[in-house]
1. In the structure shown, do any of 193/302; 164/302; 219/338; 103/283; 9/275; 28/103 have a Cα-Cα gap over 31 Å, and if so which?
2. Between residue 142 and residue 125, what is the label-point separation in nm under the 7 Å Cα-to-beta-carbon projection?
3. Given (1) 21.6; (2) 21.1; (3) 22.9, which label gives Kirkwood radius over Cα pairs in Å as computed from the coordinates?
4. Sort 125-138, 224-237 for me by packing, meaning the mean count of neighbouring Cβ atoms within 10 Å per residue, highest on top.
5. Among 42-49, 103-110, how do they line up from the highest to the lowest mean number of other beta-carbon atoms within 10 Å?
6. Please list the non-local residues whose amide H lies under 5 Å from the amide H of residue 37, H modeled 1.01 Å from N, same-chain partners needing a gap of 5 or more.
7. Could you pull out every residue, at least 5 positions away or on a different chain, whose amide H is within less than 5 Å of the one on residue 301? Hs are placed 1.01 Å off N in the peptide plane, and Pro or chain starts have none.
8. Under 5 Å between amide H atoms, partner at least 5 residues away or on a different chain: which partners does residue 45 have, H built in plane at 1.01 Å?
Amino acid sequence: MSETQATLKEWQKLYEAAIEFRKLEPWKWVHETDIFGVQNPETGEIGYCCIMGELGEMLAMAVYRGTEGLQGYRKIQKGHIDTEDPDSLFVQDCLMLSFENKKFVHEDDREIINELGFRFRGKNAWPVFRSYRPGYFPWFLNRDEIIYMTFVINQAINICLRMKDNWRILLAPRKGLYLVRTPEMRNGQLIWKDSWMLPNPIEVRKEKPGFNIDESKIKEIKNKLSFSTAIWEIDFFYSPVPINQGEQPFFPYSLMVIDHDSGLINFMHIAEPFKYQKEFVDKFIEFFATNGIIPLEILVRKEEVKKFLEPFASILNIKLTLKKKLYNVEHARKELFKFLKRKSV
């Protein structure tokens with residue numbers, strides 16, 4: 001849990017809002033494509049809300065953080081992120097309220113529920129709150145997230161009730177605008193109003209850092225390497241089994257090099273998400289030096305991997321090819337996932 005602990009009263013307000021939301025059953029008339037925003041009174045960031053449950057299976061509301069979170073959601077909706085790709089499970093940046101069966105409720109959640117005196121029975125009746133960050137294990141809400149999520153749920157109830165009477169309220173006056181509930185302080189009270197807003201541009205400082213590759217190091221080992229006819233498949237991907245280090249467990253980000261002809265794994269390294277760039281560069285240069293050969297061609301399936309390899313390909317005269325699928329990598333990943341899952345049981 002976060003170092004900043006929420007009070008019991010703050011937890012109570014959150015659960016009471018969730019209970020009202022569950023009673024409303026907005027998924028009966030709100031579709032997953034009906035997106036609206038709620039601005040955070042403290043930070044000004046807008047959370048974009050997506051209500052799920054029209055098929056009656058998963059009853060939930062995701063609140064995507066800012067423009068980056070919204071973009072991730074849109075990429076999945078438009079098919080730009082393949083939902084069959086295991087990595088798609090690790091790109092969500094949102095707060096989530098879901099209604100679960102009792103057996104899926106963590107003991108920490110039950111402890112708070114019991115302390116508050118709430119009782120839930122039946123299918124999809126238990127409110128569960130989680131914070132999703134790309135590459136990290138879904139985690140408990142901290143105090144700031146609890147307070148903001150309470151605002152979001154109450155404003156979502158407002159929007160959903162109005163949509164029940166008039167589904168057109170989310171129709172934007174012009175393309176690209178979203179209906180956002182924005183707060184304003186009047187006479188010491190927080191007043192909410194409708195605003196039509198464009199998503200903020202993504203700040204440069206928030207973009208995923210790139211690879212800083214010292215090309216002199218590649219040139220330094222070039223004369224020690226021999227040319228070969230080998231073809232390699234190289235990919236980055238998330239491991240499905242989290243590592244518990246620090247407060248929040250994370251899914252390791254992996255670099256894998258496979259021989260295209262034999263299917264044998266030549267090299268693999270894992271690192272923490274958003275801290276992997278320098279490690280991957282250093283370890284890959286070390287792998288080249290140890291392996292001693294320059295491949296004829298490298299096959300990749302992601303632009304990120306292609307950009308990482310471009311300095312190596314340019315200096316070492318390696319053909320770099322972007323493919324839709326890397327069959328040896330896919331097979332190795334499946335086998336690795338099976339092994340890790342068995343080991344974690």
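1. Violating the 31 Å Cα-Cα cut-off are 193/302; 164/302; 219/338; 103/283; 9/275.
2. 3.4 nm
3. Of the listed options (1) 21.6; (2) 21.1; (3) 22.9, (3) comes from this structure.
4. 125-138, 224-237
5. Output ranking for 42-49, 103-110: 42-49, 103-110.
6. 49, 179, 180, 181
7. 323
8. 40
Only the coordinates and a few stated rules stand behind these numbers; no lab work does. Because the structure is a prediction, the values reported are computed rather than measured. Counting neighbours? That spans all protein chains shown, and the Cβs are built from the backbone with ideal geometry, glycine included.
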